[in-house]
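Each remark here refers to the structure printed beneath this line.
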Amino acid sequence: MAAVALVGTLDTKGADFAFLSQRLRAGGADVIVVDAGTGEPDGLRPDIDGDTVAAAAGTSRAQLRATGDRGHAVTAMGRGAAGVVRDLVARGQAGGVLAAGGSGGSSIAAQVFAALPIGLPKLLVSTMGSGDVSPYVGAKDVFVLYSVTDVAGLNRISRLVLGNAAAAMAGMVTVQTQPVPGTDDRPLIAASMFGVTTPAVETAKERLTELGYEVLVFHATGAGGRALEGLADEGLVDGVLDLTTTELADDLVGGVLSAGPSRLTAAGAAGLPQVIAPGALDMVNFGPPDTVPERFSGRLFFEHNPTVTLMRTTAEEMAELGARVGRKAAGAAGPTEVFWPDRGVSALDADGQPFRDAGADEACRVAVERELKGAGRVLHRMDANVNDPVFATAMADRLHQMITEGS
């Protein structure tokens, strides 16, 4: 059984990590203690010391202490710890990672988790665990446990919380060594979906399943797009059905569901076959109506539900989005094609629906086509709405052909 990599700053939290190490071993797990602190360890001897971690980041603990810049030190030690733990996992020595700390320790853990494959157990006990944990989770499968009290010495509460964390990690590492029933070896497709493109993705998924694929669907909420990009970047999928590129609109305009400017790049960089559509580029996402920034006053809105307000993108914004989609598709290293639905890019953009704006859509289409032509690529236009079965089926069939024929 591979060990648990126990990662933390032993100069300030030695007692906490000594307790975690003890409880992990009591749960039947081996432990490799990785010290990510810049000072001397207090109360627990690491298996991989801070000097080794700092060296993996191209520096030394002495240099980091000399600068007196805590933020720089945390970033460097996180980078070094990520490299050290990644190597442990690659060599089969570590089968899970457990970390604990405040904002600094959580930031170190975030860098470690980001470097590890999906499926490897990752657990963080954090003082930040009851708030926005997206900076620590990113696009990885991270368990976050709120520490309740500070991770700064043992007490009757921290013993319970840390003890539960150790028991959970020991259990995950132990069970991980057992065969997983129902293991599926069908080729994997990653697909992007939103509420207003659900019919299309369901149709495409059904078709791809008939053709022998397993389809992983990612909700285009920012985190979903980042997760899709992460899988593509790691080469864990065989193709991408990027039917819903709406996160690009949030990134451009300032909505709440942006996946960042690198969205729609990983599959292209990895050379994976991909088919792309402008699904839900007609909208930008906000929370309840009173959270919409004042600068958007006078725009066209649709209250999707009490907690989600959608704003229609303008012709100018659609033109820029089209250019971005076109450039990313044109620059892809692998087989890449874009499909365009002439009758609307979402359920709200269908004939008779509140976001129907053929002129804005046309501005997007022209921009996409201009970029594709410059790279010798073709835009597939269809007289359909994005959610029409004929459109989704055509995308699925073309992706299958690209995968099986290599073009």
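Across the stretch 38-76, the qualifying residues are those that are part of a helix (DSSP H, G or I) and among the β-branched types (Val, Ile, Thr), and the one among them that is least open to solvent (accessible area, probe 1.4 Å) is 53. Out of all the residues in the stretch 371-387, which are buried (at least 16 other Cβ atoms within 10 Å of the Cβ) and assigned to a helix (DSSP H, G or I)? Answer for the stretch 371-387, where residues must be buried (at least 16 other Cβ atoms within 10 Å of the Cβ) and assigned to a helix (DSSP H, G or I): 371, 372. Could you tell me whether the stretch 315-334 includes any residue that is exposed (fewer than 15 other Cβ atoms within 10 Å of the Cβ) and either basic (Lys, Arg) or part of a loop (DSSP other than H, G, I, E, B) (or both)? Yes; the residues of the stretch 315-334 include at least one that is exposed (fewer than 15 other Cβ atoms within 10 Å of the Cβ) and either basic (Lys, Arg) or part of a loop (DSSP other than H, G, I, E, B) (or both).
Of 345, 390, which residue is of a type in the set (Val, Ile, Thr) and either over 24 Å from residue 206 (Cβ atoms) or surrounded by fewer than 16 Cβ atoms within 10 Å (Cβ to Cβ) (or both)?
Details: 345 fails: either over 24 Å from residue 206 (Cβ atoms) or surrounded by fewer than 16 Cβ atoms within 10 Å (Cβ to Cβ) (or both).
Unique residue meeting the criteria: 390.
Give the number of residues within the stretch 141-173 that are open to solvent by less than 30 Å² (accessible area, probe 1.4 Å), more than 17 Å from residue 105 (Cβ to Cβ) and either charged (D, E, K, R) or in contact with a strand residue (DSSP E or B) (Cβ under 8 Å, 6 or more places away or on another chain) (or both). Selection size over the stretch 141-173: 2.
Among the residues of the stretch 185-200, those identified as crowded, with 20+ Cβ neighbours inside 10 Å and closer than 17 Å to residue 273 by Cα are 189, 190, 191, 192. Does residue 196 fit the bill of being closer than 22 Å to residue 288 by Cβ and either in a loop (DSSP other than H, G, I, E, B) or not acidic (Asp, Glu) (or both)? It is true that residue 196 is closer than 22 Å to residue 288 by Cβ and either in a loop (DSSP other than H, G, I, E, B) or not acidic (Asp, Glu) (or both). Against the conditions (1) assigned to a helix (DSSP H, G or I); (2) touching a helix residue (DSSP H, G or I) at 6+ places or on another chain (Cβ under 9 Å), residue 125 satisfies every one except (1).
Looking at the stretch 1-48, which of its residues are within 28 Å of residue 71 (Cβ to Cβ) and among the basic types (Lys, Arg)? Matches in the stretch 1-48: 13, 45.
The values are calculated or read from the model by the stated rules, or taken from the named source; none is laboratory data. Note that the structure is predicted; figures quoted are calculated from it, not measured. In this analysis, Cβ positions are derived from the backbone assuming ideal geometry, glycine residues included, and neighbour counts consider all displayed protein chains. Quick note on the areas: whole protein, heavy atoms, side chains included, nothing else; ligands and nucleic acids left out. Shrake-Rupley method; radii C 1.70, N 1.55, O 1.52, S 1.80 Å.
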